Amino acid sequence: MTLEQQDKKYVLQTYARDYTNFVKGKGSTLFDENGRDYIDFASGIGVNSVGHGNEKLATAICEQAKKIIHISNLQVIEPQAKLAQRIVELSGYDMGIFFANSGAEANEGAIKIARKYGETQFEKKKFKVITLEHSFHGRTITTVKATGQESFHTENFSPYPDGFSYEKCIADVYTAIDDETVAVLIELVQGEGGVQPFEKEEIQNLATHLKKEGILLIVDEVQTGVYRTGEFLASNLYEIEPDIITLAKGLGGGVPIGAVMTRHKEVLSAGDHGSTFGGNYLSTAAGLAVLDVLAPMYDNGTMAETLLYFSEKLQEVSHKYENLFEKEVGLGLMRGLRAKSAEVQGSIIKNALQEGLIVLKAGRNTVRFLPSITISKDEIDEGFSRFEKAIASL
Ligand SMILES: *Cc1c(COP(=O)(O)O)cnc(C)c1O
């Protein structure tokens, strides 16, 4: 039986999968079973923030695994407390953190905090959460309902929880607020929806308005967090102070971890929320190692250099191939090229893989780039050279 046959027989077929069998990686280069190399501009959908085979991360995981992988949350967990402190200090926000295992789960935690806040802080209960069209917040029943894409709300999984509504744009959020609204949940750069950043001023005005109205601002930083935009959090880049922030993807460098942080530290009390695995020794030791790699790169300016270099390269191809692309979108190392059509988008992704380059799709017609934060200039050069080969024939 081939690997493809094995997968098709024993794994539930919920993904439209490619069957290249990757067996190892180094930095932003992956190798398949035949020894062929691929430049990785996807980093596992923004997860492998420090690349593949990172020595510091691998050593931290290995050392921790030899000591303790897991003890329940009924005991204090030293790397968990350390990681919480580290995240809080890097963010600059006075917040407390709850650790989970994924982005959806972090958002579930955020919604629970908001709901309890709405139940306990007002005379009349508030429970409604406003999100935006083209957003993505996860695949659990609640977070898929919070996701502002009607195609996700199929009857197959109904009924969904009440209290979620979607607005076309930030301006529409103001009028959608009513006396039952407890929170607004947004991504600052919509990732899955098409790598679309919002205007800084628009977000700052919304944040100010929500604060005045006593409505919580929840920022889903599952994709934008952990230096993806060039700052530790996109909230730092936008210079806002959210009530609740969620993290996941890049935080563990590939080890599953999610986090919800809030300045309303008193809302949840013992018994309100929990997770068996959340914040265990292994995942939080990994998180600490990831931050040990990335924080110095931020401080010494190498991260800003990488961002600029990637950005210049992207601009070059975008201008050179105006026949294929409408425009360049995104910021930091969360970038996209809006293709002229979904067909062009599909062909580019397919051709790129044939040329030994992994890129992603987003939205209807965006080719998405989410490289590791540690990607080298050589890998960027090689990746774009392969990208040009992939699109030359189109
Ligand atoms: C990926 C993503 C999620 C879901 O994260 P999972 O770990 O797959 O549950 C939620 N929100 C945003 C913005 C994401 O990009």
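Where a number appears in this text, it was derived from the coordinates with a stated rule and is not lab data. Small disclaimer: the values here were computed from a predicted structure and weren't measured. Please note: Cβ atoms are built from the backbone with ideal geometry, for glycine as well, and neighbour counts cover all protein chains shown.
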Whole-Hz couplings from phi, Karplus 6.51/-1.76/1.60, listed for the range 218-224; x for Gly and Pro: 9, 10, 7, 10, 4, 9, 7
DSSP-defined antiparallel bridges as percent of all bridges, the chain, nearest 5: 65 percent
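Tally Lys and Arg at +1 and Asp and Glu at -1 over the other residues with C-beta under 13 Å from the C-beta of Leu83: what net charge comes out? Intermediate results must be reported in sequence, preceding the final value.
Numbers: positive: Lys82, Arg86; negative: Glu78, Glu89, Asp292.
That sum, taken over residues with Cβ under 13 Å, equals -1.
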Dimensions in Å of the chain - Rg and Dmax from alpha carbons: 21.0, 65
Degrees separating the helix 103-120 axis from the principal Cα axis of the chain, which is the longest one: 10 degrees
Glu78 versus Asn156: modelled label distance in nm, points set 7 Å from Cα along the beta carbon direction: 4.7 nm
Contour excess over end-to-end distance, with Cα ends at Val317 and Glu201 and 0.36 nm allotted per residue: 38.8 nm
Angle in degrees between helix 377-392 and the longest Cα principal axis of the chain, rounded to the nearest 10: 70 degrees
Euclidean distance of C-alpha centroids, the range 258-331 and the range 357-382, integer Å: 14 Å
Cα-based reach from Lys66 at 23 Å (exclusive), listing lysines while leaving out same-chain residues under 8 positions away: Lys24, Lys56, Lys82
0 to 90° range, to nearest 10: angle between helix 342-355 axis and the chain longest Cα axis: 60 degrees
Coil-residue trypsin sites (Lys or Arg not before Pro) of the range 21-99, DSSP, other Cβ within 10 Å capped at 13: Arg36
Of all DSSP beta bridges in the range 128-242, antiparallel share, percent nearest 5: 15 percent
Between the range 134-202 and the range 13-80, the alpha-carbon center distance in angstrom: 30 Å
Restraint check, Lys26/Lys67; Lys212/Lys327; Lys320/Lys350, Cα-Cα greater than 32 Å: Lys212/Lys327
Residues Asn34 and Thr14, FRET efficiency given R0 of 30 Å [Cβ-Cβ distance, rounded to 0.05]: 0.65
Point-to-point label distance, Lys125-Ala342, nm (Cα→Cβ direction, 7 Å offset): 4.0 nm
